[in-house]
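Written below as structure tokens is the structure these notes are about.
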Amino acid sequence: MSNETIDLKTRLITDFHAREAVMNGEASSEFHQKKRAGLALFEQLGFPSIKHEEWKYSNVRDLISVSYDFNAESSIGLTELEDLKVPEQEANILYFVNGRYNAELSAIISPVGQITISSLADAYKNDPAKVASFFNELTKDANDAFTALNTAFAQDGVFVHIPDNQSVEHPIILRFVSDAREKNVGSQPRNIISVGKNAHVKLAEAFRTLGDQRSFTNAVTEIQVAEEANVQYYKVQNESENAYHIGTTQVRMLDRSHFYAGTVTLNGKFTRNNLNIVLDGEHCDAHMYGLYFPDGSQHVDNHTVADHQKPNSESNELYKGILRDKSKGVFNGKIFVRPDAQKTNAFQSCKNIVLSPDATMNTKPQLEIFADDVKCSHGTTTGQIDEEALFYMRSRGISQPEAMSLLMFAFCADVVSQIKIDSVREYLENVITQKLASK
Amino acid sequence: MRITFAGNYHELSFKYKSVMLSINDLRASIEGKEILKGINLEVKPGEVHAIMGPNGSGKSTLASVLAGREEYEVTGGNVVFDGKDILEMAPEERAAEGIFLAFQYPVEIPGVTTINFLKTAVNEIRKYKGEAPLDAAQFLKMVREKAKLVSMNDSLLKRALNEGFSGGEKKRNEVFQMAVLEPKLAILDETDSGLDIDALRIVAEGVNSLRSPERSTIVVTHYQRLLDYIVPDYVHVLYKGRIVKSGPKELALELEEKGYDWIKAEVEAVG
Ligand SMILES: Nc1ncnc2c1ncn2[C@@H]1O[C@H](COP(=O)(O)OP(=O)(O)OP(=O)(O)O)[C@@H](O)[C@H]1O
Ligand SMILES: [Mg+2]
């Protein structure tokens, strides 16, 4: 096993150097220097084992035991997208297939003056210095092997810049499709989003898979939220039984800004989401909502960080899960309140329904508070369906399965209702209703 | 000869039909402890039976067993409702057959609105009976009428079921649900407790307005007050898991006056 581990790591490092060798002058660019630093960090850290405290309950052994084609071509077109039955509304929709932007499938409708929106590769071609200056800025201190790996290999993704005072009318929807119909595929999208002062935007990342081979997605999104900006950011994962997903969203908020995150894991073999929010401003509020439904032998791990660095800000977090069969769930929520961050309010809650004796949920709130005038609370619950409620509903004529799904849907409702992009919320309501009814 | 036979037959069938609920030597336990120790009771269509008795005597247990709560183990006897043995039925089947339990302690269900809950219930019961579901307009019209009947505030219908409802609002919601579902047999478990005097009257009027020659009611209560409004045909005293005394409506007055000691004494004397 350890040989195989070395294999994937070595293979990636070799691949990096091979690409570098044919880069000519580009190798000395700022962009590439950052990638090289990423590779060096990845080389030093290696893939984490369960001895690593951040990976104690999430074992990547299985994920790294095979190889993936990170440059797989795909013939995917509109017909295949039909199969994925994705809802549409008027939105900027960008498709990424196996990690690369597909202009044919995409539609950018917001007026050019309102926002800059393009693939990262195109943005880099147009303005290398600008892209390089944003790239890896928020994640530069991350001591995480997967983030470093993404940095080393980042090729494509989205680059969004919203100028000050712009309210973007149409949401931005990023659809990442892994085409795993023929072989194991890997992709490492990198999204860079910079939201100007007092600008408003809603965006969503949706991850899907085609085919039964393995897919490995290692995604990183960096979001800059300037003063008074308002950002709604959703991540929806509805991938295959053979999909491995590791993702980091790194956010930096400045004074009086608002940030809402919704992370919903509907399906996927192995999922690890890191959501790290640095509240680097006063009177900010950060909201984190999460929902997950693992079944079979699926594994869903959510790690979140609310890092309060300045006074008078608030973070508010609610994660919920329904676990079936032999599935595993992990929640680790860190709240840091730095010495300067007086009058911080930080709330965290994680609630789970475990429907099978073989399913497990590990929850770990982690509060590190270095200021004295703060309000923090956290709580986790893990339980079964409320039998009293079930009997009450059945005594009114509602069948047992219907009562179960009503209760479970109600359990999810306060998270789903937070999703403010209509087509995304309606999609979730449909998929969740089906999911809850099918068992 | 034939005519006599036919007459007998008719009489038999009439008698059979005229019993809605028949409880025979019903025994039930929870966690190995026997709570119901042989209950016998017959309820005919249109009748109102009051069940009284000291705290902990098994009144709510009886109500729950009739509604099908699975925590209780039925260890003996049978229950026939409308000619069907109901003990093997799931709670939702019993509800669809026409049994309704107004809970002593209604359950709070966050995230499910009262109106949605009831719509699901109504349509699930219609499905059971092979009827088409009510559309939104039909349902709303019906619900508005019934809400008026028990002076149920519209805003409560839109809120999560019983969540944060006052004690009285919860009880009123039970009677409202009963009015919507129109059961053949309503079992009211201390629906009067927690109601103010006006609410008690409104709720009782709601119950009475549903009374008909085909519908029956079992009223579990500690107080004569409710029975002033919902006048029972029979009063039973449940004590230590048995019905130890039955009588006409005057029995309730006697109990209110004298308490239970004399009945307990009678029971102990018999052994
Ligand atoms: N889940 C349970 N576990 C153990 N004992 C129970 C349970 N439910 C009921 N009992 C016991 O059964 C007995 C009868 O309870 P029940 O609630 O039926 O009484 P009741 O006549 O309705 O009383 P009250 O007038 O106080 O409502 C009591 O001694 C009670 O403690
Ligand atoms: Mg009781």
Inset, instruction - Inverting the mean 1/r over all pairs of different Cα atoms, compute the Kirkwood radius of segment B:104-157 and quote it in Å. - result: 12.3 Å
Inset, instruction - Quick one: grab the alpha carbon gyration tensor of chain A, order the square roots of its eigenvalues as a ≥ b ≥ c, and give me rounded if a/c is under 1.5, else prolate or oblate depending on whether a/b is larger than b/c. - result: rounded
Inset, instruction - Using amide H atoms built 1.01 Å from N in the peptide plane, name the residues 5+ places from residue A:216, or on other chains, whose amide H lies under 5 Å from its own. - result: A:185, A:186, A:187, A:244
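Probe radius 1.4 Å, ligands and nucleic acids left out: can you give me the accessible area buried at the B-A interface, summed over both chains, in Å² to the nearest hundred?
Answer for the B-A pair: about 2000 Å² buried.
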Legend entry - Per-residue mean of C-beta atoms belonging to partner chains within 10 Å, peptide B:186-195: 0
Legend entry - For chain B, calculated [θ]222 nm from helices alone, where every DSSP H run of n ≥ 4 adds -39500 (n - 2.57): -13000 deg cm²/dmol
Legend entry - Peptide A:410-418 - average C-beta neighbours from other chains (10 Å radius): 2
Legend entry - segment A:65-437: antiparallel DSSP beta bridges as a percent of all, rounded to 5: 5 percent
Inset, instruction - Determine ³J(HN,Hα), in whole Hz, for all residues of segment A:222-235 in sequence, where each value follows from phi through the Karplus function 6.51 cos²θ - 1.76 cosθ + 1.60 and θ = phi - 60°; x replaces Gly and Pro. - result: 10, 10, 9, 10, 7, 3, 6, 6, 10, 10, 10, 10, 10, 10
Inset, instruction - Kindly identify segment A:15-92 as rounded, prolate or oblate by the Cα gyration tensor criterion: order the square roots of the eigenvalues as a ≥ b ≥ c, call it rounded if a/c is under 1.5, otherwise compare a/b with b/c, prolate if a/b is larger, else oblate. - result: oblate
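What 222 nm value per residue comes from the helices of chain A, counting each DSSP H run with n ≥ 4 as -39,500 (n - 2.57) and dividing by all residues, nearest 500 deg cm²/dmol?
Computed mean residue ellipticity for chain A: -7500 deg cm²/dmol.
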Inset, instruction - Please say if chain B is rounded, prolate or oblate, where rounded means a/c under 1.5 for a ≥ b ≥ c the square roots of the C-alpha gyration tensor eigenvalues, and otherwise the choice is prolate for a/b larger than b/c and oblate otherwise? - result: oblate
Inset, instruction - Can you tell me the relative contact order of segment A:134-230? Whole percent, Cα pairs under 8 Å, sequence separation 6 or more. - result: 34 percent
Legend entry - Relative contact order (percent, whole number), chain A, Cα cutoff 8 Å, 6+ residue spacing: 10 percent
Legend entry - Whole-angstrom gap from segment A:332-393 to segment B:78-145, using each part's C-alpha centre: 36 Å
Legend entry - Amide H contacts under 5 Å for residue A:301, placed H, 5+ residues apart: A:271, A:272, A:273, A:330
Inset, instruction - Work out the mean other chain Cβ neighbour count within 10 Å for the residues of B:176-182 and drop it here as an integer. - result: 1
Legend entry - Relative contact order for chain B, counting Cα pairs under 8 Å that sit 6 or more residues apart, in percent: 25 percent
Legend entry - Kyte-Doolittle at least -1.0, axis length at least 15 Å by Cα - qualifying DSSP helices, chain A: A:2-21, A:30-45, A:400-416, A:422-437
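The values are calculated or read from the model by the stated rules, or taken from the named source; none is laboratory data. Since the structure is predicted, the reported quantities are computational estimates derived from the model, not experimental observations. So basically every Cβ, Gly included, is an ideal-geometry build from the backbone, and we count neighbours across all protein chains shown. To get the accessible areas, we keep the full protein, side chains included, count just its heavy atoms, and leave off ligands, DNA and RNA. Shrake-Rupley method; radii C 1.70, N 1.55, O 1.52, S 1.80 Å.
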